[in-house]
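No lab work stands behind these numbers, since they all come straight from the coordinates. From a predicted model like this one, the values you see are computed outputs, not experimental measurements. Counting neighbours? That spans all protein chains shown, and the Cβs are built from the backbone with ideal geometry, glycine included.
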Amino acid sequence: MITIIINKDFKPKSKPSKRADGRAFDELRPFKIEAGVLERADGSAYLELGGNKVMVAVYGPRELHIRRLMQPDRAVLRCRYNMAPFSVDDRKRPGPDRRSVEISKITSEAIMPAVFLEKFPRSTIDVFIEILEAEGGTRCAGITAASVALADAGVPMRDLVVACAAGKTDGEVILDLSEAEDKDGEADVPVAIMPRTGEITLLQSDGNLTTEEFEKALNLSIDGCMELSKAQKEAIVKRYGD
Amino acid sequence: MIFIEDKQMVIPGDVLADNEYHSGRGTFKEDDKICSSLVGLVAIRDKKISVIPLQSKYIPKRGDVVIGEITDIRFSMWNLDINSPYSGILPASDVFGKEKRDLNKTFSVGDVLFLRVVDVDEVKKVKLGLKGRGLGKFRNGILIYITPTKVPRLIGKKGSMINMIKDETKCEVVVGQNGVVWVKGDPAMERVAEKVINMIEEQAHTSGLTDRVRNMLFELLGKEKPEEKPEEESDKEPEEKTEKESDEESEAEKEVAEEKEEEEENGEDLIQ
């Protein structure tokens, strides 16, 4: 069901680029989204973005047994971002850590504005994001895949949230940082938006940017989001044939 | 202004029309625009636009007939899983009346019951009842889970689809509005029915389904394929799902009610 794309297929643009993989400053890594890859989940999605491989499963709306979490007027959206031990070069110690707890929280907060939680009071929607392979920008990949999985599960939503990062390396503002660019770079700005209205649901900034650079990075990532958004829609349509 | 066609597939966030239309199920209004909130097929009736979801969870509604499985026995009620985000309760008083009896002796955990949703309150507490023709416990048979929105499709126009399955497999088939299907018959035939029902679920949004189901049934049963009869239904099929949705739902309910008559003996012996 899942075919792996290889980065070698990727052809550099004619315009010479300073980036290690030959991409233009406003170019995304090659990506692929598939919906409905898991049999037993209510909704699922698989996303590849460059060297990132992300699998998302959605269960729910389902009964919430933990009474203290229950909301009388709406559903709770629980997200769990988890990196597989084999997803990075040095084995990652399994289990939640400071970073994955943060990403779980920001993911659920990025997606929440889009979901009609009030339609399912006292229930829960569980989103499990598994990073099978990581190569920079996994939080954005997770959010993008999670909204496809939610749509696949039939959860009513205002829009498909899509996320993409921009940043700065070697003094240049660029789109969709790879792992190397993120590590050696000066700044990273992940952004999640609802593409129809353009509302921003996630905005983080790590590193130093001037006002102009920040604005450029924000605009660049919004453009990247729009491009990914198209692939999200195609993935869902493809799931049901025609 | 309308931006989509009838029966077109849409996804969440798609703009369907502006405010000269009314927003129906599966849609929402934002800034004078009607948008889809679901992955599904558009249904336009007069000036009302709704989206019929391809995938959904069952939300209990008063009067529905559902199939549930007992998950817990409490002091004066049973808890049931009704394939929904909300579990149902069956009060002992509904089964015994004023009499006091041991709940464990009547139904135990794992029993499959055919019930009616008596009441759903504002905190989504689902009260179930067994009063009614044919409601009661199922013995043996298998359960098949389908998406609740595809129930009308499985039943078909005036029960055409479900009756065909029943006739060909010689199985008893009962469909709950919550997307649970109970099938009882010869074990081999049960498996045939399961395959066919799963196929219907997968292809519910396509047209000409009745013919394909018939062909599949004949193939699985090793019978000769029938002559290609002109099937007056096949052309109209997509309509069944969209335009006639609400009629069909009521038909589906009627159909389910009819089913119960067959189950009557089951219903009787639990009230004894």
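Please report Rg over Rh for chain A, where both radii come from the alpha carbon positions and Rh follows the Kirkwood definition.
0.97
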inquiry  = If packing is taken as the average count of other Cβ atoms within 10 Å, what order do B:122-134, B:46-58 fall into, highest mean first?
reply    = B:46-58, B:122-134
key: Label-point gap, in nm, between B:ASP111 and B:LYS158 - each point 7 angstrom along Cα→Cβ   = 3.8
ask   = At a Förster distance of 35 Å, what's the computed FRET efficiency of B:ASP211 paired with B:MET1, Cβ-Cβ distance as r, to 0.05?
value = 0.40
request  = Quantify how strongly other chains surround peptide B:3-16 by giving the mean number of their Cβ atoms within 10 Å of each of its Cβ atoms.
outcome  = 4
request  = Rounded, prolate or oblate: pick one for segment A:109-218, where a ≥ b ≥ c are the square roots of the eigenvalues of its C-alpha gyration tensor, a/c under 1.5 means rounded, and failing that, prolate if a/b is larger than b/c, else oblate.
outcome  = prolate
ask   = Between B:LYS100 and B:MET199, what is the label-to-label distance in nm when each label sits 7 Å out along the Cα-to-Cβ direction?
value = 5.6
ask   = Which residues in segment A:159-187 have a backbone N closer than 17 Å to a point placed 7 Å from the Cα of A:THR210 along the Cα-to-Cβ line?
value = A:167-174, A:186-187
task = Pick out which of A:ARG122, A:ARG139, A:ARG93 has the largest mean-square fluctuation in a Gaussian network model of chain A, springs linking Cα atoms closer than 10 Å.
result = A:ARG93
note = Candidates A:ILE174, A:ILE222, A:ILE66; GNM for chain A (alpha-carbon contacts under 10 Å) flags as most fluctuating A:ILE66
note = Length gained if B:ASN19 through B:ASN140 is fully extended, taking 0.36 nm per residue and subtracting the Cα-Cα distance, is 38.3 nm
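Specify whether the C-alpha gyration tensor of the protein assembly as shown places it in the rounded, prolate or oblate class, a ≥ b ≥ c being the square roots of the eigenvalues: rounded for a/c under 1.5, otherwise prolate if a/b is larger than b/c and oblate if not.
Here the protein assembly as shown falls in the prolate category.
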query = Using alpha carbon coordinates only, what is the Rg to Rh ratio of segment B:9-53, with Rh defined as the Kirkwood radius?
reply = 0.91
query = What is the average number of partner chain Cβ atoms found within 10 Å of a Cβ in A:34-45?
reply = 1
key: Whole-Å distance, taken between Cα centres, linking segment A:204-230 and segment A:27-60   = 23
remark   = Within 10 Å of the Cβ of an average residue in B:35-44, the count of other chain Cβ atoms is 4
remark   = By the C-alpha gyration tensor axes a ≥ b ≥ c (rounded if a/c is under 1.5, else prolate when a/b exceeds b/c, else oblate), the shape of segment A:84-139 is prolate
task = Note down the net charge around B:ASP32, summing +1 for each Lys or Arg and -1 for each Asp or Glu among other residues with Cβ under 11 Å from its Cβ.
result = -2
remark   = In terms of the charge dipole of segment B:1-135, which places +1 on Lys and Arg and -1 on Asp and Glu at the beta carbon, the residue among B:ILE11, B:THR27, B:SER87 farthest towards the positive end is B:SER87
ask   = Taking the Cβ-Cβ separation of A:PHE86 and A:GLU109 as r and a Förster radius of 25 Å, what is the calculated FRET efficiency to the nearest 0.05?
value = 0.30
